[in-house]
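Heads up: the structure comes next, in structure tokens.
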Amino acid sequence: MRLVERGLAERPEDAALLGSTEITDYLEGESDHAYVERAIGERQVLRRRWQRYGPPPVLGEEPDRGLDIDASAVAPEQVLHGRPACRGSARGRVRIVHTLGEATQVLPGEVLVCPEPLFELSPLFGIVAAVVAESGGLLDHAATLAREYDVPAVFGVEHATERLHNGQEVGVDAVEGLVVPVPVEPEWTEL
């Protein structure tokens, strides 16, 4: 307020353009009005110039959003939420794998759903459309392998093996961390 009252600033918020030492020096009388007025004026110009620039929404390459996964097409309680482990999106039929023996049933293009992203399942990352796991996180070894295989992966999806079933078609949005069941289209019957 003192800066505004003395005509050194236009608004009280302009005091944020000064450093704490500059404010203290001014209040203690160690710096003059001209210095404070000049510093605020120069920094207002810089602030206006730099406000035009903003960081990009994503560093590096923009993730592939080739598939449009519409979570609004199903009831909100049907959408499963997790943590993205490898960005991307995919669509495919669910294949639930509880044991390594069940891993032999996984077909190319299916969405691998497992309780835990075991290292032993990582060779499947090269053929599946996506990986969904009930546990795991961004720094897990399986997450690193998913990124190496460039397969969309969402980890930490609670009860995924219970809420999904084999053969069910789902969309996996590994940018937002969503697993969305694809609604079944009703069959047309002729009248």
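Derivation of every value follows stated rules applied to the coordinates shown; laboratory data play no part. Remember, it's a predicted structure, so these values are computed and weren't measured experimentally. In this analysis, Cβ positions are derived from the backbone assuming ideal geometry, glycine residues included, and neighbour counts consider all displayed protein chains.
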| task | Quick one: plug the Kirkwood hydrodynamic radius of the chain (C-alpha pairs) into Stokes-Einstein at 20 °C, 1.002 mPa s, and report D in µm²/s. | result | 105 µm²/s
| field | Overall dimensions of the stretch 129-191 by Cα: Rg and Dmax, Å | value | 14.8, 56
| residue 2 versus residue 47: modelled label distance in nm, points set 7 Å from Cα along the beta carbon direction | 1.9 nm
| remark: quick note, the chain, DSSP beta bridge pairs, % antiparallel (nearest 5) is 60 percent
| query | Using only the Cα atoms of the stretch 71-181, what do you get for the radius of gyration and for Dmax, in Å? | reply | 12.0, 36
| Given q = 0.13, 0.15, 0.17, 0.29 Å⁻¹, what are the Debye log10 I(q)/I(0) values for the stretch 2-50, with equal point scatterers placed on the Cα positions and solvent ignored? | -0.26, -0.34, -0.44, -1.22
| said: Cut-off 10 angstrom, C-alpha nodes, Gaussian network model of the chain. Which of 172, 74, 128 fluctuates the most? | reply: 74
| field | Packing-based ranking, highest mean first, of 132-139, 104-111 given that Cβ atoms within 10 Å are counted | value | 132-139, 104-111
| request: Determine the relative contact order of the chain: mean sequence separation of Cα pairs under 8 Å and six or more apart, normalised by residue count, in whole percent. | output: 22 percent
| note | Expressed in nanometres to one decimal, the distance between label points 7 Å along Cα→Cβ at residue 127 and residue 162 is 3.0 nm
| request: Before anything else, pin down the relative contact order of the stretch 71-181: Cα pairs under 8 Å, at least 6 apart, normalised by residue count, whole percent. | output: 39 percent
| Considering the chain as a Gaussian network with a 10 Å cut-off on Cα pairs, which listed residue, 73, 130, 174, attains the greatest mean-square fluctuation? | 73
| Under the rule of -39500 (n - 2.57) per DSSP H run of 4 or more residues, summed and divided by the residues of the chain, what mean residue ellipticity at 222 nm is obtained, to the nearest 500 deg cm²/dmol? | -6000 deg cm²/dmol
| message | From the phi angles alone, apply the Karplus equation (6.51, -1.76, 1.60; θ = phi - 60°) to the stretch 96-111 and give each ³J(HN,Hα) in whole Hz, x where the residue is Gly or Pro. | response | 8, 10, 8, 10, 5, x, 6, 5, 6, 8, 5, 10, x, x, 7, 9
| Nearest 10 degrees, 0 to 90: what angle lies between the long axis of helix 33-50 and the longest principal axis of the chain (Cα atoms)? | 20 degrees
